[in-house]
Every structure is written in C-alpha cells, then in structure tokens.
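A short write-up of the structure that comes next.
The values are calculated or read from the model by the stated rules, or taken from the named source; none is laboratory data. If you're wondering where the values come from, they're calculated on a predicted model, not measured in any experiment. No Cβ is skipped: glycine too gets one built from the backbone with ideal geometry, and neighbour counts run over all protein chains shown. For accessibility, only protein heavy atoms count, side chains too; no ligands or nucleic acids. Shrake-Rupley method; radii C 1.70, N 1.55, O 1.52, S 1.80 Å.
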Amino acid sequence: MSAVKVTVIKRPNSDNYYARWIDPVTLRERRKSTKTKIRRDAERYAFKIEKELNQGTLYELCKISWKEFRTRYETEVVPGLAQRTSEKVSVVFNAVQNIVKPKLLLQVDSNAISKMVKYYRKKGLQEITIRSNLAHLKAALNWSKRVRLLHVVPDFPQLKRARSEKVMRGRPLCLEEFERMLKSVSSVIKIKGESDDCKNKEAEIQETWIFYLRGLWYSGLRLSESLELYWDREDKLSIDLSGKYPMLRIRAEAEKGNKDRLLPIVPEFAKFLDEVPEDQRTGPVFNPRAIKCYGERMTAAAVSKKIAEIGEKANIIVGENGNIDKKTGKRKPRFASAHDLRRAFGERWSMKVMPQALMQLMRHESMETTLKFYVGRNAEKIAETVWNADPYGSVYNSVINPDDEKETEITEDRKVLSGND
C-alpha cells in the first residue's frame, strides 16, 4: 500500500487551515481542522497526522454506539465461536445493557465494569463466574481496539482467586446418590391426569429420563454432547460400531475441543448401548421427553434445569452456593446436576486408567485439565487402597479405627507396630 500524503488547504468559509488526505481504508477524502491560522503550524500538524497514518497509530475519538458495536461483534466474530460461547457472549452483553445502559461504546469504561462487578456480587455470583463473564467482555473490547473502534481497552478489576481445592463447583456422585436420582424421576416427571392414557404416557416419558441419566452416568458425556449424540448421522457426534471396539466419532463443530476426533467408549457404556434393540438404533441416542410439548426435543437449558430438579428432589447436595429460592429470596445449596454425573464418571475411571487415557475418555483439550480436576483429587481413596494392600497397613488401620469387639487384638497389634514383643 502506498504512503498516505496529507496536504494543507484553506476552506472559503473558515479562517483556519485544514489537513486533507485520502483514507487508505475507505478511499474517501478526509478533512480535519488544524485549529490554526498560521500555515507553518498547520503544516506541522498535517505532518504529524501523515506520520501517524503511515505508522498505523492514528486514533480518533470514536462515537460508535453500543448497539452498532454489538451488532458488528455478533455478526463478524460470534458466528466463528462455539455455540455455548456464543450464548455466554449474548448473556454478558445483555447484562451490560441492563446494568450500565450505555448509548456509546466509550461508556463501557472502568467505572462501568466496576459497577457490573458490584451488581454481580450483590446477586451472589461466585468469583469464578464473574471472572468468566468479564473475560468475554474483555475479549470483545480487545477486538474493538483491533478494528479501531476503541483507542484503549479499559482496565479490568483484579478479582479474588478461587481456592485450588474448590476448582469443582460440584462433586462426583457415589452410586447410592445416583440411584436416588433415578428413584426421584417419578416425583419430578409427572403428568396431570388419572386416566390410563395419562399414566401410560407418564411412564413412557419417565423411562426416557431414566435412560438418559443412566447414559450420562456410564458415558461421561457433557450435557450438550449427549443431546447431540446420534446413532446414524455423520454430521453429528455419533456412535461408530464399524471397528473392533465401539467408538465415539466427534465432529469439530459438536465438541468443546473444536477438533474432529475418534475416541474410545468404556465397556460399561458399550454394554449400556447394547441394551437398545438394533431396530431402534436410529436418530438421537438420548431424547428425554418434555411433558407439555411431547413431540418436540427439549433444549439443553431445559434438560439441565430438569436434571437439577431431580437432584434437588433426591436431596443430593454437592456444594454451598446454588440458585436463589424464589419463595424465600435466600440462596439454596447446590444440588446434583448433569455435570456431577460426568464428574462421577471421571472419578471412577481415574482409579482404573492412566492420566493419558483418562484425558481421552474425558475429551479434555489438555492434560493440565485432567490433572487439575481428577488426578490427584483421590488421595484418600488411593491411600486406602495402598494401605489395605499391605499387612502393615491393615494393622495400622485397625489401630486407628478400633472395633469394640477386638480390644485384645488391637492391644497386640499396637505392640507389633511399636516393636514391643
């Protein structure tokens, strides 16, 4: 691209000189007042603009509206993002509009961002959630700077670090808790009506939910992945039974890692899938039915909410900070969700396979994620396995946790441990 040349002109209706040049992007003529009547000063000003134009450092106060910025970002950037990320961006932008109410993009400054943080904390959002929301907003503002809609990106506040032992917002479920969830399906998925037709329909819908929960337990799939799992569609996440072992074929657009991948299925999930008659292996593998719109598929958000209701009905508490109770206005505990079933899968298989294999089963993008969330978090269970496998460990365990009926044996064991005959 040829260098931009800025000249000085005098307009008939003004005493001041103007700098004039051809915009290298729009190829239109631009004029800017030098705010001086002295030609030499005007030429210095024009030279400064010319230098900044050719170096790409010329910024002018942009009065682009927030609405125009949002439209551009959602049409130029968001279509290239993953679906869940796109949804999160929309949620964050809506929050900006509701809290800050900006007319211009420039109004989303450091004060406005601080106001958002205050609002989020007042609503009881966790620091990790606030950090995630601000990260999406910062990414959008960084883009606006790159395309010259902003001169500088405002400073973002330093948020408190989440404690390392709290990296999971929930926790893995044990088998007894999972069975309680299955039993609670009939209390949550209910149809009004006492006719035989209503009862049959209710039982059929409940069965789809029980099948779905079992599938999440055995597969370790993310909720969004499970609803996109098909028996016979090449353009979706699908079951591949053509090889020696059953596999998952994951398309880039249907998976968080954004890569085409062929991954193994664990034997318990393969056995679970084998329960489905061959003539029924068409369409989506999982299709939990809605009560009202019986023939339509439920959205991921609606399915997630319904599983959380089942977890609450089963009274399985997995954390402290849950949703706000609409009746009391107080924050409820966090009850079991779909992702806690995935966590249970990860914990079970972290005891059976090496971290590299677990990374593949969990479909993590990096080993760091696997190590952070699963490997090393089972110290108590590993310690129990190790100590029970050794005679000395068994004796030590009986001393630390004595039984009333074995006082004599324990006394003898203490002597052995201390070295006294």
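Pick from region 266-278 the residues that are in contact (Cβ under 8 Å) with a residue 24 or more places away in the chain and aliphatic (A, V, I, L, M): which of them is most open to solvent (accessible area, probe 1.4 Å)?
Here the answer is Ala270.
Hey, among the residues in region 114-154 that are over 24 Å from the mean Cα position of the chain (by Cα) and of a type in the set (A, V, I, L, M), which one's farthest from Lys101 (Cα to Cα)?
Result: Val147.
Return yes when Leu149 is open to solvent by less than 30 Å² (accessible area, probe 1.4 Å) and either outside any helix (DSSP H, G or I) or of a type in the set (Asp, Glu) (or both) and no when it is not.
So Leu149 fits the description; yes.
Looking at Ala112, is it closer than 22 Å to Arg331 by Cβ and among the aliphatic types (A, V, I, L, M)?
Judged against the criteria, Ala112 is not a match.
Can you give me the number of residues within region 279-301 that are surrounded by fewer than 18 Cβ atoms within 10 Å (Cβ to Cβ) and modelled with pLDDT of 90 or more?
Here the count works out to 7.
Take the residues in region 325-346 that are touching a residue at least 24 places away in the same chain (Cβ under 8 Å) and open to solvent by 40 Å² or more (accessible area, probe 1.4 Å); name whichever of them is farthest from Arg222 (Cα to Cα). Step through it out loud before you land on a result.
From region 325-346, those touching a residue at least 24 places away in the same chain (Cβ under 8 Å) are 331, 334-346; that's our starting set.
In the following step, the residues that additionally are open to solvent by 40 Å² or more (accessible area, probe 1.4 Å) were identified as 331, 334, 339.
Working: Arg331: 26, Arg334: 18, His339: 7 Å.
So, considering only residues that are touching a residue at least 24 places away in the same chain (Cβ under 8 Å) and open to solvent by 40 Å² or more (accessible area, probe 1.4 Å), the one farthest from Arg222 (Cα to Cα) is Arg331.
I'm trying to understand the selection: among the residues of region 4-30, which are within 11 Å of Leu53 (Cα to Cα) and either open to solvent by less than 80 Å² (accessible area, probe 1.4 Å) or among the basic types (Lys, Arg) (or both)?
Val4, Lys5, Val6, Trp21, Asp23, Pro24
Return the total of residues in region 24-52 being out of contact with any helix residue (DSSP H, G or I) (no Cβ under 9 Å at 6 or more places or on another chain) and assigned to a loop (DSSP other than H, G, I, E, B).
Final tally of qualifying residues: 6.
Could you list all residues from region 88-100 that are surrounded by fewer than 17 Cβ atoms within 10 Å (Cβ to Cβ) and more than 18 Å from Tyr73 (Cα to Cα)?
Asn98, Ile99
Pull out all pairs, ordered by first then second residue, where Cβ-Cβ is under 7 Å, the residues are six or more apart or on different chains, the first lies in region 192-207 and is open to solvent by less than 50 Å² (accessible area, probe 1.4 Å), and the second is small (Gly, Ala, Ser) and in a helix (DSSP H, G or I).
Gln206/Ser186
When residues of region 152-172 are filtered for being loosely packed, with under 15 Cβ neighbours inside 10 Å and modelled with pLDDT under 85, how many remain?
11
Given the conditions (1) under 30 Å from Thr7 (Cβ atoms); (2) exposed (fewer than 13 other Cβ atoms within 10 Å of the Cβ), and given that Ala42 satisfies all but one, which numbered condition is not satisfied?
(2)
Output the number of residues of region 72-86 satisfying the condition of being within 17 Å of the chain's Cα centre (by Cα) and either assigned to a helix (DSSP H, G or I) or exposed (fewer than 15 other Cβ atoms within 10 Å of the Cβ) (or both).
Qualifying residue count, region 72-86: 6.
Answer with yes or no whether Asn111 is in a helix (DSSP H, G or I) and open to solvent by 20 Å² or more (accessible area, probe 1.4 Å).
In short, yes.
Go through region 209-254 and count every residue that is open to solvent by 30 Å² or more (accessible area, probe 1.4 Å), closer than 23 Å to Ser304 by Cβ and of a type in the set (S, T, N, Q).
Here the count works out to 1.
Which condition from (1) within 30 Å of Glu228 (Cβ to Cβ); (2) assigned to a loop (DSSP other than H, G, I, E, B); (3) touching a Phe, Trp or Tyr at 6+ places or on another chain (Cβ under 8 Å) is the one that Ile130 breaks?
(2)
Given the criterion in contact (Cβ under 8 Å) with a residue 12 or more places away in the chain and of a type in the set (Asp, Glu), identify the matching residue among Glu87, Glu74. I'd like the intermediate steps shown before the answer.
Details: Glu87 fails: in contact (Cβ under 8 Å) with a residue 12 or more places away in the chain.
Selected residue: Glu74, the only one of Glu87, Glu74 that is in contact (Cβ under 8 Å) with a residue 12 or more places away in the chain and of a type in the set (Asp, Glu).
Out of all the residues in region 213-244, which are in contact with a Ser or Thr (Cβ under 9 Å, 6 or more places away or on another chain) and aromatic (Phe, Trp, Tyr)?
Tyr230, Trp231
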